[in-house]
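Reading through the C-alpha cells given below for one structure.
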Amino acid sequence: MKKDIIKGKVYVLGDNIDTDLIIPACYLNLVPTIPEEYEKLGTYAMAGLPDEYPPFVRPGESKSEYAIVIGGKNFGCGSSREHAPVAMGAAGVRAVVAESYARIFFRNAIATGELYPCESVDRLCDAFRTGEDAELDVAGSSIVQLRTGRRFELRSLGSAAPVIEAGGIFQYARKTGMIG
Amino acid sequence: MTITEKILAAASGKASVEPGDNIWADVNVLLTHDVCGPGAIGVFKREFGEKARVWNPDRIVIIPDHYIFTKDEKARRNIDILRAFAAEQGIKHYYDVGTPSYKGVCHVALPEEGHVRPGEVIVGTDSHTCTRGALGAFATGIGNTDAGFVLGTGKILLRVPATLRFVLNGRLPGYLMAKDIILRIIGDIGVDGASYRAMEFAGEAVAGLNAEERMTICNMAIEAGAKNGIVEPDETTISYLTERGVKELRPVIGDPGAKVERVTEYDVDSFEPCVAEPHLPSNYARARDRNDVKIDRAYLGSCTGGKITDFLAAAGIMNGRKVAVETYIVPATAEVASSLDSEKIGGKSLSAIFREAGCMDIAPPSCAACLGGPADTFGRTHGNEVVISSTNRNFVGRMGSKLAPIYLASPLTVAASAVNGRITDPRELL
C-alpha cells in the first residue's frame, strides 16, 4: 500500500448517494479520456445534489476544496458511469470514506485509481461536518477528526487491496503478468 | 454450483468456483454504447497503443442509444468516435445512427439481434447489462476502464458472487406485471439488499413469464445492488432465442442442491400493483394507497418498460379511453416501434390506440428521458412535473430536473394513472 496520508476538508453526505447525484446524465457527453473534458467533468462533480447542499465546486473554480468525501451506506449506487469517480477525482477528491459501496462505483474507483474507496466501521457521516478537517491514513486504515482528535478505524480493503496498491486494473494486470 | 457459479467456472477454465473467489473470466460479448464507448475506446488506445487491435471484433457489439436525437455537439461527436472505431477495427456488430441498422436501446436490441446466449459471459458499459440474465447468461455492468481492458484482452477480473434465490410461487394475475414483482422485492430488501450478490429468480410465476418480462426483472437486479440477475433457461428461453436465429445453444442450469446464501419465497397472488415513490426504487407503496397523488406526466419507455409486452399492456388500458395528462411513448427499439403498428387489440394497432387516447406523438427509439440527458431530450423534465414512469430509476434529477419527482410503476399502472391523472391501481380500469 502506498504510504498515503490525505489531509484536507471533508464533504459529508448520507446513504445511497447515487451516480446521478455525483454526475448528472446531461454531462455524460463528456469523454473522461479527453484531457480538457476530464477537467470539465471535475467542475460538475456532485452537480446533481439538491440545491440546498453547499456547493462542492465553487462557481468559477475548477477544483473542489474538499479532499475527502464522507458517505453512509451504498455510496455510488445506480449507473456504471465511470464519469462518477472520474468527476470526483478530477475535482481533486482523493478518497471517499463510506460505510459501504455500490459494487460498480467501488470497482470503477479502484480500476481507474482515481480515488480510494475506504470503508468505515462506524457511521462517520453522523460524526463529521462538511468543511471540517480530517487526516486519512489509507495504509494505516484510520481517519482522524482533527477538531476532536478522534480516530476512526477503517475496514481492510480485502481482495481489492492488490489492485488499489498497484494503482488500477492495468497496473495490476501488468504486475501480475496478465498483460505485457 | 449455482448457474452463476457454473458459468463463471467454465469461463475461467476451472472445475469449480466458490463465492468470493477472484477469477479472470473469458468474455463472450462486450457491449458498449455512445455514453461510455468513447471513454472505453480512449482507455483501450491509451493503454494498448493507437494502433492496437481489439481482441476479437466479432465479440464486440456497439449499440448507440442514449443521446441520439439531440443537437448536442459532443453527443454527436461521440457517435462519430464509435463509427470510426468500428470501421478501424472491423467491428461488424455496430448499429449506426441514421441507417436502417439503427436499433435503439442496447439492452433490448442485444437479445433481439441474437447476441445473447445462455451460459455465456456478457459485460457491458452500462449497469443494466444485467438484463441479459433473463436468458440464462451471466451479465454485468462495468466501467470504461474495465471495458478498455476487455477490448484489448477479452478478459475480466471478477469476484464470484454468492447467490440470493427468489422463488416466486403461484401464477401472476393479469393486473400484475414483472415490474410489480421486482419493485416488491427491492422494497423488501432495499437498494443494497443484494449488493455484490447474484439474484436468481425461480418458481412457477417466473416460469410463466415471457422472455421480455424476465428481462424487466433481471434489468432491475442492479437496483438492489446485485452483480447479476439470472433466470435458468427453459423452453421459453430456447424458443425466444431460436426465433432470433441463435444457434448452437448450450444452456447451463444450476446443480440441484447447490448452496445459496439465502432463499426467499413469495406467493405472487398476494402481490399488488405498486409504485416506487421518489427518490429510490426501494420506496415501495401499493398503488391504491397512493391514489390521491396527482401526476402531470406519464412516461412509457426504456429497457425495462418500453418493450412490446409493455406497450400491449398499456394499450389494453388506454384502448377507447383518453389520457388526462401528457403521455410519452418511447419504444425501446426499432423492432418494438414497428410492432406498435403491427400488433393489434380488437383490430386496432397499438399506435392508433395511443394516438386516439391523446398520447404525444410516438418518439423514435432511444433511451430518451429515462436518464435525463441533453436539454433537448424527448420527454425530459425541466420543472417540477410529477411523473409516473415505466423506467427503472427515480433518483433526484433522474429524468432531467432535480425538482421533478418520479414514481416508478408497471406499464399497466402507468397507463391507468395516465387515464385518471392520478396514481391508479390498474384494477380500477381493467
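Each value in this text was obtained by applying a stated rule to the coordinates, not by laboratory testing. These figures come from a predicted structure and were not determined experimentally. All Cβ positions, even for glycine, are placed from backbone atoms using ideal geometry, and neighbour counts span all protein chains on display.
Within the set of other residues whose C-beta is less than 11 Å from the C-beta of B:S366, count the net charge using Lys and Arg as +1 and Asp and Glu as -1.
-1
Restricting the count to DSSP beta bridges whose residues both fall in chain A, what percent are antiparallel, rounded to a multiple of 5? It would help to have the intermediate numbers written out before the result.
On the way: 14 of 27 bridges.
Taking every DSSP beta bridge with both residues in chain A, the antiparallel ones total about 50 percent.
Relative to the present Cα-Cα distance, how much length would full extension add between B:R76 and B:E428 at 0.36 nm per residue of separation?
Result: 122.3 nm gained on full extension.
Taking 22 Å as the cut-off for C-alpha to C-alpha distance, list the pairs among B:K51/B:K92; B:K247/B:K307; B:K307/B:K344 that go past it. Before the final figure, lay out the partial values.
Details: B:K51/B:K92 19 Å; B:K247/B:K307 24 Å; B:K307/B:K344 15 Å.
Cα-Cα > 22 Å for B:K247/B:K307; rest within.
Just to be sure I understand the model, the point goes 7 Å from the Cα along the line to the Cβ. What's the resulting B:R53 to A:E36 distance in nm?
Each label point is offset 7 Å from its Cα along the Cβ direction, giving 3.5 nm.
Okay, helix-only estimate at 222 nm for the protein assembly as shown: each DSSP H run of n ≥ 4 adds -39500 (n - 2.57), divide by all residues, round to 500 deg cm²/dmol; what do you get? Walk me through the intermediate numbers first.
Details: 19 runs with 171 residues, N = 610.
Theoretical 222 nm ellipticity from helices: -8000 deg cm²/dmol.
Could the peptides B:246-252, A:120-126, B:337-343 be put in order, highest first, of the mean number of other beta-carbon atoms found within 10 Å of their residues? Before the final figure, lay out each step's value.
Numbers: B:246-252: 13.7, A:120-126: 17.4, B:337-343: 15.9.
For the peptides B:246-252, A:120-126, B:337-343, the packing ranking is A:120-126, B:337-343, B:246-252.
Along each of the three principal axes of the Cα atoms of segment B:3-266, give the extent in whole Å, ordering the values from largest to smallest.
52, 42, 36
What is the order of B:H382, B:H33, fewest Cβ neighbours within 10 Å to most? Walk me through the numbers on the way to the answer.
Numbers: B:H382 11, B:H33 28.
Placing the least packed residue first, the sequence is B:H382, B:H33.
Above 21 Å lies some portion of the pair distances; for segment B:275-428, what is it as a whole percent of all C-alpha pairs?
Numbers: 4203 of 11781 pairs.
Value for segment B:275-428: 36 percent of Cα pairs lie more than 21 Å apart.
Would you mind getting me the FRET efficiency between B:R355 and B:R171? Use the beta-carbon distance for r and R0 = 35 Å, nearest 0.05. The partial results should precede the final answer.
Details: r = 33 Å, r/R0 = 0.96.
Approximately 0.55, to the nearest 0.05.
What's the exposure ranking of B:I68, B:I238, going from fewest to most Cβ atoms within 10 Å? List each step's numbers first, then the result.
Details: B:I68 23, B:I238 16.
Listed from fewest to most nearby Cβ atoms, that is B:I238, B:I68.
Would you mind checking A:K63/B:K294; A:K73/B:K45; B:K45/B:K402; A:K63/B:K402; B:K227/B:K322; B:K179/B:K348 for any pair whose Cα atoms are more than 31 angstrom apart?
On the way: A:K63/B:K294 41 Å; A:K73/B:K45 35 Å; B:K45/B:K402 36 Å; A:K63/B:K402 23 Å; B:K227/B:K322 41 Å; B:K179/B:K348 26 Å.
Table pairs above 31 Å Cα-Cα are A:K63/B:K294; A:K73/B:K45; B:K45/B:K402; B:K227/B:K322.
Please work out how much length the chain gains when fully extended from B:N22 to B:S270, using 0.36 nm per residue of separation minus the C-alpha to C-alpha distance, in nm with one decimal.
Contour length minus the Cα-Cα distance gives 85.3 nm.
Within segment A:75-108, name every residue whose backbone N is under 20 Å away from a label modeled 7 Å from Cα of B:E261 along the Cβ vector.
Within reach of a label on B:E261: A:75-80, A:98-108.
Can you bin the protein assembly as shown into rounded, prolate or oblate? Criterion: square roots of the alpha carbon gyration tensor eigenvalues sorted a ≥ b ≥ c, rounded for a/c under 1.5, prolate for a/b above b/c, oblate for the rest. It would help to have the intermediate numbers written out before the result.
Details: a/c = 1.45, a/b = 1.29, b/c = 1.13.
Because its axes are fairly even, with a/c under 1.5, the protein assembly as shown counts as rounded.
Charges at C-beta only: +1 for Lys and Arg, -1 for Asp and Glu. How large is the resulting dipole of segment A:5-155 about its Cα centre, in Debye rounded to 20? Walk me through the numbers before you get to the answer.
Numbers: 16 positive and 21 negative charges, 60 e Å.
About 280 debye.
Arrange the following residues from fewest to most other Cβ atoms within 10 Å of their Cβ: B:W24, B:W55. Let's see the in-between values first.
Values: B:W24 15, B:W55 19.
Result, fewest neighbours first: B:W24, B:W55.
Over segment A:5-155, what is the relative contact order in percent, taking alpha-carbon pairs closer than 8 angstrom and at least six residues apart?
Values: 356 pairs, mean separation 41.4, N = 151.
Relative CO of segment A:5-155 lands at 27 percent.
Using Cα-Cα distances under 8 Å and only pairs 6 or more residues apart, what relative contact order does chain B have, in percent? Don't skip to the end; give the middle numbers.
Numbers: 1106 pairs, mean separation 73.8, N = 430.
Contact order relative to length: 17 percent.
In nm, to one decimal, how far is the modelled label at B:L249 from the one at B:D341, with both set 7 Å along Cα→Cβ?
Those two pseudo-labels are separated by 3.0 nm.
At what distance in angstrom do the alpha carbon centres of segment B:223-280 and segment A:126-175 lie from each other?
One Cα centre to the other: 37 Å.
Taking the Cβ of A:R151 as the center, what net charge do the other residues with Cβ under 12 Å away carry, scoring Lys and Arg +1 and Asp and Glu -1?
Working: positive: A:R150; negative: A:D122, A:E135, A:D137, A:E153.
Net charge around A:R151: -3.
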